[in-house]
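Comments concern the structure below.
The values are calculated or read from the model by the stated rules, or taken from the named source; none is laboratory data. Model, not experiment: these values are computed from the prediction. Because the Cβ atoms are built from the backbone with ideal geometry, glycine has one as well, and the counts that use them run over all protein chains shown. Ligands, DNA and RNA are excluded from the accessible area calculation, which covers all protein heavy atoms including side chains. Shrake-Rupley method; radii C 1.70, N 1.55, O 1.52, S 1.80 Å.
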Amino acid sequence: MLADLPPSRTESDGSAVVRVLSYNVRSMRDDVGALARVIRACAPDVVCVQEAPRFFRWRKAAARLARTSELVYVTGGATASGPMVLSSLRATVERTEDILLPRTPGLHQRGFATAVLRFGRARLGVLSCHLSIKDQERYGQGKLLLDTLAALDVPHAVAAGDLNDRPDGRTFGLLADALQDGWATKPWGREHTTRLGDPLQRIDAVFATEGVEVLGCGVPMGLPGVAERDLRAATDHLPVLAALRVPAS
């Protein structure tokens with residue numbers, strides 16, 4: 001059985017251990033009960049969702065996911081064209097912004113869901129993303145991601161999502177050169193994020209800015225409470241869980 005990551009906590013120096021989960025939920029078209037069980041077992045402080053519901057009654061669906069996962073809605077969904085941010089009650093929301101990205105004709109609209117959250121004296125910028133399937137558009141979105149993180153104007157930030165790119169791809173490389181790739185920095189759990197039985201690929205990731213300490217990052221397969229049957233039933237991606245120590249501001 002997989003050893004747990006450090007639990008959420010506030011250290012004596014004011015720094016905070018924050019658990020961040022990235023999860024493509026495929027518009028909640030699969031088993032929402034299984035999806036919520038996986039999320040709850042990961043005990044996240046922040047969830048960066050991709051492919052959140054964004055059409056008819058999407059707010060009701062987002063509220064359902066938050067409620068069944070024992071979290072609260074922060075921002076995103078249809079307003080960011082898919083990316084969404086949820087959090088535990090531990091987080092204080094300072095501000096949010098949903099950003100629609102330039103669209104290539106014939107391709108899906110993409111966006112970022114962003115927030116600045118505070119955990120005691122530790123402040124953390126958060127960005128949830130789902131990048132393009134096309135290389136040229138994806139690379140441009142990677143550059144915009146870095147610009148958007150910088151524009152949050154906080155000392156520490158995390159970006160997480162479905163990159164539609166592998167570690168040897170140029171967009172993944174662009175982000176990994178500028179940020180800490182959680183898995184490469186402190187691997188934990190399973191590496192590959194594609195659905196069980198599909199070709200092995202790592203296309204989902206959690207990145208952190210300099211100064212954030214990565215305590216562990218990977219797919220929580222084998223984590224107590226995370227059942228393989230739920231991972232199979234919940235959606236077509238596997239989640240990525242990271243524990244990060246965020247210094248006090």
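Tell me yes or no: at least one residue of the stretch 51-66 is under 25 Å from Leu215 (Cβ atoms) and outside any loop (DSSP other than H, G, I, E, B).
So in the stretch 51-66, the residues under 25 Å from Leu215 (Cβ atoms) come out as none.
Scanning the stretch 51-66 turns up no residue that is under 25 Å from Leu215 (Cβ atoms) and outside any loop (DSSP other than H, G, I, E, B).
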- [ ] Of the numbered conditions (1) on the phi > 0 side of the Ramachandran plot; (2) crowded, with 18+ Cβ neighbours inside 10 Å, Gly120 fails exactly one; give the number of that condition.
- [x] (2)
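Please verify whether the stretch 41-59 includes one or more residues that are loosely packed, with under 15 Cβ neighbours inside 10 Å, free of Cβ contacts under 8 Å to residues at least 12 places away in the same chain and farther than 11 Å from Leu86 by Cβ.
The initial filter retains those residues of the stretch 41-59 that are loosely packed, with under 15 Cβ neighbours inside 10 Å, namely 55-57, 59.
Filter again for free of Cβ contacts under 8 Å to residues at least 12 places away in the same chain, leaving 56-57.
The next check asks that each one be farther than 11 Å from Leu86 by Cβ; those that pass are 56-57.
Yes: one or more hits.
For (1) hydrophobic (A, V, I, L, M, F, W, C); (2) more than 18 Å from Asp204 (Cβ to Cβ), each residue gets a yes or a no:
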{"residue": "Thr92", "(1), (2)": "no, yes"}
{"residue": "Leu101", "(1), (2)": "yes, yes"}
{"residue": "Thr104", "(1), (2)": "no, yes"}
{"residue": "Gly111", "(1), (2)": "no, no"}
{"residue": "Val126", "(1), (2)": "yes, no"}
{"residue": "Cys129", "(1), (2)": "yes, no"}
{"residue": "Gln141", "(1), (2)": "no, no"}
{"residue": "Leu149", "(1), (2)": "yes, no"}
{"residue": "Asp153", "(1), (2)": "no, yes"}
Task: Index of the failed condition, Trp188 passing every other in (1) farther than 22 Å from Leu101 by Cα; (2) open to solvent by 50 Å² or more (accessible area, probe 1.4 Å) - done: (2)
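Can you tell me how many residues within the stretch 162-176 are hydroxyl-bearing (Ser, Thr, Tyr) and more than 23 Å from Val25 (Cα to Cα)?
Filtering the stretch 162-176 down to residues hydroxyl-bearing (Ser, Thr, Tyr) leaves 171.
Okay, now just the ones that are also more than 23 Å from Val25 (Cα to Cα), so none.
Within the stretch 162-176, residues that are hydroxyl-bearing (Ser, Thr, Tyr) and more than 23 Å from Val25 (Cα to Cα) number 0.
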Open item on the list: Can you list residue pairs whose Cβ atoms sit under 8 Å apart, with the first residue in the stretch 74-95 being touching a residue at least 40 places away in the same chain (Cβ under 8 Å) and the second being among the basic types (Lys, Arg)? Count only pairs 6 or more apart in sequence or on different chains.
Closed with: Gly82/Arg54; Gly82/Arg110; Ala91/Arg118
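Take the residues of the stretch 147-176 that are among the small types (Gly, Ala, Ser) and free of Cβ contacts under 8 Å to residues at least 12 places away in the same chain: which is surrounded by the most Cβ atoms within 10 Å (Cβ to Cβ)?
Filtering the stretch 147-176 for residues among the small types (Gly, Ala, Ser) gives 150-151, 157, 159-161, 169, 173, 176.
Imposing the further condition that a residue be free of Cβ contacts under 8 Å to residues at least 12 places away in the same chain reduces the set to 150-151, 173.
Values: Ala150: 13, Ala151: 12, Gly173: 16.
Here the answer is Gly173.
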Open item on the list: Taking the condition of being crowded, with 22+ Cβ neighbours inside 10 Å, of a type outside the set (A, V, I, L, M) and not in a loop (DSSP other than H, G, I, E, B), how many residues in the stretch 76-89 meet it?
Closed with: 2
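Restricted to the stretch 91-111, and to residues that are touching an Asp or Glu at 6+ places or on another chain (Cβ under 7 Å) and crowded, with 17+ Cβ neighbours inside 10 Å, which residue is farthest from Val158 (Cα to Cα)? Let's see the steps before the verdict.
Restricting attention to the stretch 91-111, the residues satisfying the condition of being touching an Asp or Glu at 6+ places or on another chain (Cβ under 7 Å) are 91, 104, 107, 111.
Now drop any that are not crowded, with 17+ Cβ neighbours inside 10 Å, which leaves 91, 111.
On the way: Ala91: 15, Gly111: 16 Å.
Among residues in the stretch 91-111 that are touching an Asp or Glu at 6+ places or on another chain (Cβ under 7 Å) and crowded, with 17+ Cβ neighbours inside 10 Å, the one farthest from Val158 (Cα to Cα) is Gly111.
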Open item on the list: All but one of (1) among the polar types (S, T, N, Q); (2) under 24 Å from Glu94 (Cα atoms); (3) not in a loop (DSSP other than H, G, I, E, B) hold for Ser249; state the number of the condition that does not hold.
Closed with: (3)
Open item on the list: I need every pair where a residue in the stretch 227-239 that is open to solvent by 20 Å² or more (accessible area, probe 1.4 Å) has its Cβ under 7 Å from the Cβ of a residue that is assigned to a helix (DSSP H, G or I), sequence separation at least 6 or different chains.
Closed with: Ala233/Ala34; Asp236/Arg26
Open item on the list: The conditions are (1) crowded, with 17+ Cβ neighbours inside 10 Å; (2) farther than 30 Å from Val32 by Cβ, and Ile203 fails exactly one of them. Which is it?
Closed with: (2)
Task: Condition broken by Asp181, with the remaining ones in (1) modelled with pLDDT under 95; (2) charged (D, E, K, R); (3) open to solvent by less than 20 Å² (accessible area, probe 1.4 Å) satisfied - done: (1)
Open item on the list: I'd like the full set of residues that are open to solvent by less than 40 Å² (accessible area, probe 1.4 Å) and either in a loop (DSSP other than H, G, I, E, B) or at pLDDT below 95 (or both), limited to the stretch 206-226.
Closed with: Thr209, Val212, Pro220, Gly222, Leu223, Val226
Task: Test result for Phe172, among the aromatic types (Phe, Trp, Tyr) and closer than 21 Å to Val116 by Cα - done: no
